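Contents: one structure, followed by commentary.
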Amino acid sequence: MKNLLVSLEKAGDFDEIIDVRTPLEFAEDHIPGALNAPVLSNEERVLVGTTYKQVSPFEATRIGAALVARNIAHHLETTFADRPRNWRPLIYCWRGGKRSGSVTTLFNMIGWQARQLEGGYKTYRRATLDTLDSLPATFSYIALVGPTGSGKTRLLTALNAAGAQTLDLEALASHRGSLLGAWAGVPQPSQKRFDTLLVTALRTLDAARPVFVEAESRRIGSVALPLALLDTFHRGRCVEVLSSREDRAAFLLHDYAHLFDDPQSLKAQLQRLIGLHSRERVTGWQRLVDDNRRAELARELIERHYDPAYARSSHEHFVQLPHALQFNFRPNDADAVDQASALLAQVEGSALAVI
């Protein structure tokens with residue numbers, strides 16, 4: 001029988017990549033562009049695994065085979081009903097085992113030139129981690145450094161609109177990075193999914209051009225940045241974004257307004273600051289939430305929490321911060337793109353332009 005296994009490097013040779021794992025496995029992470037056609041549902045996979053442990057491997061295999069056959073038949077009648085005779089799909093499951101093997105064999109019996117990814121998703125995951133160990137260091141970064149509320153994310157977006165090359169880590173992580181930075185109603189990706197999104201974004205970048213990136217610590221919410229990326233942009237060039245205290249407070253009030261929709265959740269998040277701040281101070285902030293004194297809370301957090309934290313972390317991590325280009329930014333004004341264009345002109349005329 002002809003060898004149906006192919007390596008990950010050959011994935012681009014196929015018309016379509018089919019992920020036959022469960023919807024939960026697919027949601028956690030998957031090869032970019034893959035189509036999910038599960039041969040076991042989430043519940044069916046649990047059933048097979050429980051039978052394997054509690055009854056016998058034979059019984060689990062028998063039940064699993066029946067379920068897989070039934071689900072493949074359903075996909076043939078629906079998902080793949082319109083695929084042409086010369087269709088060439090690449091099939092994968094968790095480790096390149098029975099699930100993808102069953103689909104690949106049946107597809108070839110039908111007449112499609114299907115192949116199975118050797119090692120399955122685990123091979124892809126290893127390749128992703130290897131890429132994150134090396135690819136980030138091939139770029140030259142300019143970090144936007146500045147205290148919370150200075151509008152670094154808005155400036156990064158404006159820089160992109162002005163023609164600069166940018167890497168928006170917070171957009172990939174679906175989180176603003178700060179204690180109160182969760183996106184309303186938007187869950188963060190898993191660590192595996194974030195890694196895939198980051199590799200995909202990095203592969204679109206041109207190593208001959210500088211990459212603007214917002215300064216981040218190791219963690220953005222629940223996901224962690226690869227050390228190779230952190231080490232590279234922590235040692236790289238900086239632009240220190242400066243905004244007035246009034247502008248910063250107004251910006252935070254606008255950006256974090258949704259937090260007041262659920263005061264109890266906001267107070268619970270503030271409770272986590274006990275240890276960094278006294279219980280009395282945190283209780284005072286929670287009273288400001290109860291009284292809906294938003295502007296006062298924003299000013300308090302800026303002065304007593306965010307600014308001291310920024311002073312500690314920025315000088316500790318960013319080696320080039322003493323030599324940073326300082327840029328006065330008005331984050332609430334409508335001319336953000338014009339301001340970004342002015343920053344680009346300053347960068348091009350300064351030592352920061354040297355790669």
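Each reported figure results from applying straightforward, stated rules to the coordinates on display, with no laboratory input. Keep in mind it's a predicted model, so treat the numbers as computed, not measured. Cβ coordinates were reconstructed from backbone atoms using ideal geometry, including for glycine residues, and neighbour counts include every protein chain displayed.
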Long-range amide H partners of F14, meaning residues 5 or more apart or on another chain whose placed amide H is closer than 5 Å, are none
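What 222 nm value per residue comes from the helices of the chain, counting each DSSP H run with n ≥ 4 as -39,500 (n - 2.57) and dividing by all residues, nearest 500 deg cm²/dmol? Don't jump to the answer; show the numbers that get you there.
Details: 15 runs with 167 residues, N = 355.
For the chain, the value works out to -14500 deg cm²/dmol.
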Straight-line reach check, K192, cutoff 29 Å on alpha carbons, 8 or more apart in-chain or any other chain, hits among lysines -> K10, K53, K98, K122, K152
Relative contact order (%) - criterion: Cα under 8 Å, at least six apart; region: the range 5-129 = 30
Can you put R237, R219 in order of Cβ neighbours within 10 angstrom, beginning with the fewest?
-> R219, R237
Ranked by GNM mean-square fluctuation in the chain (Cα springs under 10 Å), the top entry among A158, A309, A73 is A73
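Can you tell me the FRET efficiency between D206 and L227 if r is taken as the Cβ-Cβ distance and R0 is 22 Å, rounded to the nearest 0.05?
Working: r = 23 Å, r/R0 = 1.06.
Using R0 = 22 Å, I get an efficiency of 0.40.
If we count other beta carbons within 10 Å of each Cβ, what is the order of S314, S278, S244, S150, fewest first?
By the 10 Å Cβ count, ascending: S278, S244, S314, S150.
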Kindly write out, for the range 182-191 in residue order, the coupling ³J(HN,Hα) from the Karplus curve 6.51 cos²θ - 1.76 cosθ + 1.60 (θ = phi - 60°), rounded to whole Hz, with x marking Gly and Pro.
-> 5, 7, 4, x, 10, x, 6, x, 5, 4
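Compute the relative contact order of the chain as a whole-number percentage, counting only Cα pairs closer than 8 Å that sit 6 or more residues apart in sequence. Write down the numbers at each step before the final one.
On the way: 522 pairs, mean separation 62.9, N = 355.
After rounding, I find 18 percent.
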DSSP beta bridges in the chain: the antiparallel percent, rounded to 5, is 10
Read phi for every residue in the range 94-105 and hand back ³J(HN,Hα) as whole Hz from Karplus 6.51 cos²θ - 1.76 cosθ + 1.60, θ = phi - 60°, with x for Gly and Pro.
-> 5, 10, x, x, 5, 5, 6, x, 5, 5, 4, 4
By counting other Cβ atoms within 10 Å of each Cβ, how are V347, V319 ranked from fewest to most?
-> V319, V347
Highest average packing first - 4-16, 90-102, 121-133, Cβ atoms within 10 Å = 90-102, 121-133, 4-16
Given H placed on each backbone N at 1.01 Å, which residues far from F212 in sequence or on other chains put an amide H within less than 5 Å of it?
-> I142, Q165, T166, L167
Between L5 and residues 5 or more places away or on another chain, the pairs with built amide H atoms under 5 Å apart involve Q116
Using θ = phi - 60° and Karplus 6.51 cos²θ - 1.76 cosθ + 1.60, couplings along the range 285-299 (whole Hz; Gly, Pro as x) | 5, 5, 5, 4, 5, 4, 8, 6, 8, 5, 4, 5, 5, 4, 5
